[in-house]
């Protein structure tokens, strides 16, 4: 079992990064939530908690910022019909404590906004996790979910690489370029005072994902 990896980021894409642990000469490709990938800089040292999925034809590592997220990921995999890709997408949109809030309040709408989660799957998540907790309480803060209704106005694109990174990630996850651009640029104005710094990219990505219904 590989539960933790630390190494140099030698490449990254919108779905994964490749880490080269010191002295190994072997790079590990690790799938991660979009907002975690956004924090991994090429050439920098990066560390991640991991879950290893073993199949007959492959060994796949999934990486997360906290052990809590690893536990939440593995709990989601225990639900019938929820695969690794969908579980990863869920954790790209909601932190464990936010999922707990949605489940405890039986918020079907919050779950059906997630790509790959239909009404039946959302109902199954609510039922199977009703008596479980995905969060240990360490990350639970008084956060307010972004209201999708505030992202309806259309704005001019902001010529900023950080904004472009968020839009590119959304397009890769299934949303069209124009819709992604409209929502992200509105979000930057309403939530980030018109300017997005590099350190805010993960937060902007997660808030943008929440603002969407399913991909068109």
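We did not get these values from a lab; they are worked out from the coordinates using the rules stated. Given the structure is predicted, the values throughout are model-derived calculations rather than measurements. Cβ sites come from the backbone with ideal geometry, for glycine too, and all protein chains shown count toward neighbours.
Modelling each spin label as a point 7 Å along the Cα-to-Cβ direction, I'd like the residue 78/residue 52 distance in nm, to one decimal.
2.1
For Cα pairs less than 8 Å apart in space and 6+ apart in sequence, what is the mean separation divided by the residue count of the chain, i.e. the relative contact order in percent?
It rounds to 17 percent for the chain.
Hey, how many Å between the Cα centroid of segment 171-208 and the Cα centroid of segment 50-88?
When both Cα centres are located, 26 Å separates them.
Once every DSSP H run of n ≥ 4 in the chain is given -39500 (n - 2.57) and the sum is divided by its residues, what mean residue ellipticity at 222 nm do you get, rounded to the nearest 500 deg cm²/dmol?
That calculation yields -11500 deg cm²/dmol at 222 nm.
What ranking do 74, 191 get, fewest neighbouring Cβ atoms within 10 angstrom at the top?
74, 191
Could you work out, for the chain, what percent of all Cα-Cα pairs fall into each 5 Å distance bin, beginning at 0 Å and stopping at the bin that holds the largest distance?
Per 5 Å bin, starting at zero, the Cα-Cα P(r) for the chain comes out as 1, 7, 15, 18, 19, 17, 13, 7, 3, 1, 0 percent.
With each pseudo-label sitting 7 Å past Cα toward Cβ, what's the residue 60-residue 131 distance in nm, one decimal?
For the pair residue 60/residue 131, the computed spacing is 3.1 nm.
So, in nm, how far is label residue 106 from label residue 168 when the simple model puts each one 7 Å beyond its Cα toward the Cβ?
4.4
Compute the FRET efficiency between residue 29 and residue 3 as 1/(1 + (r/R0)^6), taking r as their Cβ-Cβ distance and R0 = 22 Å, and round to the nearest 0.05. Numbers along the way, then the final one.
Numbers: r = 17 Å, r/R0 = 0.76.
Calculated transfer efficiency: 0.85.
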